[in-house]
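S.K.: Okay, handing you the structure first.
The values are calculated or read from the model by the stated rules, or taken from the named source; none is laboratory data. Not measured: the values here are computed from a predicted model. A quick note on method: Cβ atoms are made from the backbone with ideal geometry, for glycine too, and the neighbour counts reach across all protein chains shown.
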């Protein structure tokens, strides 16, 4: 189920509120670009800064706008197990196809605590789960052996979004779990290496901007057209780097605003790009032919 390009959807804001008109346009662009799924209320969607009511309403609205044309995998993770269950059950009732569960951040549980956390969330719903491992944001890493144990205890844990940057760890996960799970890259700039070791796609920030091109990298790889796949990937790579001139989602939101898709508004403590980085970002967009 979790295979291909899943866009880590931005949350467009306008005058302090969610801009649902912009959201509708962005979703249509994603579907036209051929993505396999949309991930609302992940970190790229600024989930830490929205209220529970906004979180639930946004996911419901995304499901309504998508109308079953692609998968919707809702970010419902939290560093409180009970909060994650609350959000997950509501998202399931809203009709999402799956859930993205980030590792609990800041409180740094043990591996046993991580297993218990995700096992309890998985048992609270009937739909599939994708675990999101991003140590740089959460302060904790999910060991491959712990992920294997989770898949044995909870059959609806079927995928992992790996953003550790550690290719050796990703290979170990695939070695242990085989085809029972899918591993997706959590970093656009590692998409090609991750496909090469057996990954099945990406949860992408960059596909907010160029969904068709990110999808094409995977299509070319799966067709065995490695020369063209590498050529497109390396063309995308400067744009991948530009998305992280500052903390995500600042750059991608600024880029989406430059292209007329939404306002660049962020919620504090995230802040607008520094002028120098804004200029570098505009240059990257021009060099790619987007501006």
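S.K.: Kindly establish whether residue 168 is over 20 Å from residue 43 (Cβ atoms), more than 13 Å from the chain's Cα centre (by Cα) and touching a residue at least 24 places away in the same chain (Cβ under 8 Å).
M.R.: On the way: over 20 Å from residue 43 (Cβ atoms): yes; more than 13 Å from the chain's Cα centre (by Cα): yes; touching a residue at least 24 places away in the same chain (Cβ under 8 Å): no.
Criteria not met by residue 168.
S.K.: Okay, next question. For the range 229-250, how many residues are surrounded by 14 or more Cβ atoms within 10 Å (Cβ to Cβ) and closer than 18 Å to residue 289 by Cβ? Talk me through it step by step, then tell me what you get.
M.R.: Residues of the range 229-250 surrounded by 14 or more Cβ atoms within 10 Å (Cβ to Cβ): 229-230, 232-233, 235-237, 239-250.
From the residues that got through so far, the ones that are closer than 18 Å to residue 289 by Cβ too are 232-233, 235-237, 239-243.
Residues that pass the stated criteria total 10.
S.K.: Report the residue count in the range 260-291 for those that are surrounded by 13 or more Cβ atoms within 10 Å (Cβ to Cβ), part of a loop (DSSP other than H, G, I, E, B) and over 23 Å from the mean Cα position of the chain (by Cα).
M.R.: Result for the range 260-291: 1.
S.K.: More than 19 Å from the chain's Cα centre (by Cα), crowded, with 21+ Cβ neighbours inside 10 Å and either modelled with pLDDT of 95 or more or over 29 Å from residue 283 (Cα atoms) (or both): is that true of residue 177 in this structure? Walk me through it before giving the result.
M.R.: Values: more than 19 Å from the chain's Cα centre (by Cα): yes; crowded, with 21+ Cβ neighbours inside 10 Å: no; either modelled with pLDDT of 95 or more or over 29 Å from residue 283 (Cα atoms) (or both): yes.
So residue 177 does not fit the description; no.
S.K.: A further question follows. If you go through the range 173-185 one residue at a time, do you hit one that is more than 16 Å from residue 144 (Cα to Cα) and touching a strand residue (DSSP E or B) at 6+ places or on another chain (Cβ under 8 Å)?
M.R.: Among the residues of the range 173-185, not one is more than 16 Å from residue 144 (Cα to Cα) and touching a strand residue (DSSP E or B) at 6+ places or on another chain (Cβ under 8 Å), which makes the answer no.
S.K.: Here is a follow-up. Name the pairs whose Cβ atoms lie under 7 Å apart, with the first residue in the range 270-291 and without any contact (Cβ under 8 Å) to a residue 40 or more places away in the chain and at negative phi, the second surrounded by fewer than 16 Cβ atoms within 10 Å (Cβ to Cβ) and assigned to a loop (DSSP other than H, G, I, E, B), and 6 or more positions between them or separate chains?
M.R.: 282/291
S.K.: Another one. If residue 127 passes every condition in (1) out of contact with any strand residue (DSSP E or B) (no Cβ under 6 Å at 6 or more places or on another chain); (2) assigned to a loop (DSSP other than H, G, I, E, B); (3) more than 21 Å from residue 79 (Cβ to Cβ); (4) touching a residue at least 24 places away in the same chain (Cβ under 8 Å) but one, which one does it miss?
M.R.: (1)
S.K.: Something else about it: For residue 128, are the conditions met, namely being at pLDDT 95 or above, more than 27 Å from residue 35 (Cα to Cα) and within 18 Å of the chain's Cα centre (by Cα)?
M.R.: When the stated conditions are applied, residue 128 does not pass them.
S.K.: Let me ask something else about it. Provide a single number: the residues in the range 81-118 that are modelled with pLDDT of 95 or more, within 20 Å of the chain's Cα centre (by Cα) and assigned to a loop (DSSP other than H, G, I, E, B).
M.R.: Final tally of qualifying residues: 5.
S.K.: Do you know which of the residues in the range 9-24 that are out of contact with any strand residue (DSSP E or B) (no Cβ under 9 Å at 6 or more places or on another chain) and in a helix (DSSP H, G or I) is farthest from residue 208 (Cα to Cα)?
M.R.: Per the stated criteria, the residue is 20.
S.K.: Condition first: free of Cβ contacts under 8 Å to residues at least 60 places away in the same chain, touching a helix residue (DSSP H, G or I) at 6+ places or on another chain (Cβ under 6 Å) and either surrounded by fewer than 20 Cβ atoms within 10 Å (Cβ to Cβ) or on the phi > 0 side of the Ramachandran plot (or both). Now tell me which residues in the range 21-42 satisfy that.
M.R.: 24, 41
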